[in-house]
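Read through the structure below, which is laid out as structure tokens, and then see the notes.
The values are calculated or read from the model by the stated rules, or taken from the named source; none is laboratory data. Fair warning: this is a prediction, and the values are worked out from it, not measured in the lab. With ideal geometry, Cβ positions are generated from the backbone for all residues, glycine too; neighbour counts draw on all protein chains shown. Note: accessible area is taken over every heavy atom of the protein model, side chains too, but ligands, DNA and RNA are not part of it. Shrake-Rupley method; radii C 1.70, N 1.55, O 1.52, S 1.80 Å.
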Amino acid sequence: MKILDILDDVFPIASAIKNAYISFAEMTCSAVAVVTDQFRDGERVVGFGFHSNGRYDQQGILRSRMIKRLNQAGAHGFLNAGGTNVDPFKAWQAMMANEKPGGHGERSVAVGTLDMAMWDLAAKLEGKPLYRLLAEQHRGGISDDSVYVYAAGGYYYPEKGIEGLTEEMQGYLDLGYDTIKIKIGGATLSGDCRRIEAVLALLDSGQKLAVDANGRFDLSMALEYAQALNQYDLKWFEEPGDPLDFELLAEVAAVSRNPLATGENLFSMQDGRNLIRYGGLRADRDILQIDPALSYGLVEYLRVLKMLTDSGWSYRSCIPHGGHQFSLHLAAGLGLGGNESYPGLFFPFGGFADDALIKKGRIELADVPGVGIEQKKELMKLYRRMLTDNGW
């Protein structure tokens, strides 16, 4: 097996939405394709990757360092011992050659983008869905039949009030989700409470609401919100303060009766370890949202999971940020607690297979090789254009 080319391109995923911290009006996404000389059912085997929303494209780092290093390593530099498949661990080592420790944030996104493509390719060459490959490697072949997913939305839209918010949330409930999430921190506390109460009024027994401040608050405001939110039975209160302010998080955890969720803006095992050491989180209830596509990929995420189990945490406490198929496969194959979903947002990268159905807050994965990106028609149009434009 030979690697013939590694391609990258940049695509817009802009949307007229805001959270408490940023606008998504200029959001972009990097996509990569690892082209091989192999064919299956008459189609060339290509590994596809991209990164989650919230971080901009990584074309500079991809081209100047990561893809360049993979090309310098040569195909045999990151193939398995038999030369029949890629070895994502070897590819990771090649990409990170000569990189100093620390400074996680942008290069972690570039590596995560390529890492997804390597795992997609490895599973395709094995003729297996990625979740099954991971289950064989890490769980004795046992994978979850379905994955818990929740609908993340409730952004602050221009001229969209509470009526529009409740219509959006009811739409997610009608799709089959039983957990929905809205943004807070972009309005006053009293205004956010009105938003919360309006959404809670929609919920039936067994349905839950989570809220997300996107790291907006200082300590005093985070504590004020936590105490105000104690009057509600929430799924969780997400990212009350800066993601690296572990002292703030610990103080919020000490007063919050609701579970806390955080981690989507931590990009390495070391950052995750500091969160567990110093963030005051409670292993019996709190949620860890580290996103493999933004944090050096699955190779690093496996180190995160080992650290968590060594620290007394369960894989089921992990519900990755991102809302895409890669994390969905990790959840099913490794036995995580679930996966995020963004219905209708960050098109065409976000979301799952075109024909996927949500039933009672859970989703089943299709039995197709790789990550299943080919099941997303509009996303495949972008990848096919990338391949065609580069002579493939």
Going through segment 64-104 in order, the residues found to be more than 22 Å from SER30 (Cα to Cα), among the polar types (S, T, N, Q) and more than 26 Å from the chain's Cα centre (by Cα) are ASN80, THR84, ASN98
Six or more apart or on different chains, Cβ under 7 Å: which pairs go from a residue in segment 362-385 that's over 12 Å from GLY351 (Cα atoms) and touching a residue at least 24 places away in the same chain (Cβ under 8 Å) to one that's part of a loop (DSSP other than H, G, I, E, B) and among the small types (Gly, Ala, Ser)? Could you list them?
-> ARG362/SER146; GLU364/SER146; ALA366/ALA353; ALA366/GLY372; PRO369/GLY127
Residues of segment 231-255 being part of a helix (DSSP H, G or I) and of a type in the set (Asp, Glu), which ones?
-> GLU247, GLU251
Considering LEU298, LEU302, which residue is buried (at least 24 other Cβ atoms within 10 Å of the Cβ) and assigned to a helix (DSSP H, G or I)?
-> LEU298
Out of all the residues in segment 163-191, which are within 17 Å of TYR225 (Cα to Cα) and in contact with a Leu (Cβ under 9 Å, 6 or more places away or on another chain)?
-> LYS181, ILE182, ILE184
Mind checking which residues of segment 364-379 are part of a helix (DSSP H, G or I) and closer than 12 Å to GLN325 by Cβ?
-> ILE373, GLU374, GLN375, LEU379
So, of the residues in segment 170-196 that are without any contact (Cβ under 8 Å) to a residue 12 or more places away in the chain and open to solvent by 40 Å² or more (accessible area, probe 1.4 Å), which turns out to be farthest from GLY241 (Cα to Cα)?
-> ASP174
Meets criteria (more than 14 Å from the chain's Cα centre (by Cα) and closer than 28 Å to GLY105 by Cβ) for ASP286 = yes
Do we find that ARG63 is farther than 29 Å from GLY272 by Cβ and open to solvent by 10 Å² or more (accessible area, probe 1.4 Å) in this structure?
-> no
Going through segment 85-103 one residue at a time, which ones are within 21 Å of ALA123 (Cβ to Cβ) and either open to solvent by less than 30 Å² (accessible area, probe 1.4 Å) or out of contact with any helix residue (DSSP H, G or I) (no Cβ under 7 Å at 6 or more places or on another chain) (or both)?
-> ASN85, VAL86, PRO88, ALA91, TRP92, GLN93, ALA94, MET95
Quick one: would you say ASP218 is surrounded by fewer than 22 Cβ atoms within 10 Å (Cβ to Cβ) and over 21 Å from LYS18 (Cβ atoms)?
-> no
Tell me which of these PHE347 doesn't satisfy, since it passes every other one: (1) modelled with pLDDT of 95 or more; (2) surrounded by fewer than 16 Cβ atoms within 10 Å (Cβ to Cβ); (3) not acidic (Asp, Glu).
-> (1)
Output the residues belonging to segment 67-84 that are open to solvent by 40 Å² or more (accessible area, probe 1.4 Å), of a type in the set (Gly, Ala, Ser) and over 21 Å from ARG107 (Cα atoms).
-> ALA81, GLY82
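Answer with yes or no whether HIS321 is part of a loop (DSSP other than H, G, I, E, B) and either in contact (Cβ under 8 Å) with a residue 60 or more places away in the chain or crowded, with 24+ Cβ neighbours inside 10 Å (or both).
Answer is yes for this residue.
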TYR232 fails exactly one of (1) within 20 Å of TYR21 (Cα to Cα); (2) among the aromatic types (Phe, Trp, Tyr); (3) surrounded by fewer than 22 Cβ atoms within 10 Å (Cβ to Cβ), namely (1)
Pairs under 8 Å by beta carbon, first residue on the phi > 0 side of the Ramachandran plot in segment 197-215, partner open to solvent by 50 Å² or more (accessible area, probe 1.4 Å) and of a type in the set (Ser, Thr, Tyr), six or more apart or different chains?
-> ASN214/TYR21; GLY215/TYR21
So which pairs qualify, if the first residue must be in segment 245-258 and more than 12 Å from GLU224 (Cα to Cα), the second must be assigned to a loop (DSSP other than H, G, I, E, B) and of a type in the set (Gly, Ala, Ser), the Cβ gap must be under 7 Å, and the two must be at least 6 apart or on different chains?
-> PHE246/GLY279; LEU249/GLY279; LEU249/GLY280; ALA250/GLY279; ALA250/GLY280; ALA253/GLY280; ALA254/GLY280
Mind checking which pairs have a first residue in segment 284-300 that is in contact (Cβ under 8 Å) with a residue 24 or more places away in the chain and a second that is assigned to a loop (DSSP other than H, G, I, E, B) and basic (Lys, Arg), Cβ under 7 Å, 6 or more apart or different chains?
-> LEU294/ARG55
In segment 103-143, the residues that are under 27 Å from ASP271 (Cβ atoms), in contact (Cβ under 8 Å) with a residue 24 or more places away in the chain and not in a helix (DSSP H, G or I) = HIS104, GLY105, GLU106, ARG139
